[in-house]
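Everything on this sheet refers to the single structure shown next.
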Amino acid sequence: MASKRHNYLLQILTVYTVISGIYGMNLVIHNWEGKIAWNKLSHYTIFEYIALFVALSGIIISTVMAIQAVRSYIRAKKRSKKNYL
């Protein structure tokens, strides 16, 4: 069961990486360099809005997953300390 869950997670992350690489890096990211010009947002095409959504959601999901991984690591270390003592 855990293996299946990890496979699904890997598949989702791979899809996010490919989509954000194709759209986000080529269409939206160049607007994030230096000072952000928010007025350009109103002139985005539908593909740029999709790229913006994918890029931002990818950043948010990656951050949440990193926080969960750190928490899990800390819990495992605490558990192993208790078992050792």
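The values are calculated or read from the model by the stated rules, or taken from the named source; none is laboratory data. All values reported here derive from a predicted model rather than from experimental measurement. Accessible surface areas use protein heavy atoms only, side chains included; no ligands, DNA or RNA. Shrake-Rupley method; radii C 1.70, N 1.55, O 1.52, S 1.80 Å.
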- Message: Can you tell me which residue is least open to solvent (accessible area, probe 1.4 Å) among those in segment 27-41 that are part of a helix (DSSP H, G or I) and modelled with pLDDT under 75?
- Response: Val28
- Task: Could you please give the count of residues in segment 42-79 that are open to solvent by less than 60 Å² (accessible area, probe 1.4 Å) and more than 15 Å from the chain's Cα centre (by Cα)?
- Result: 3
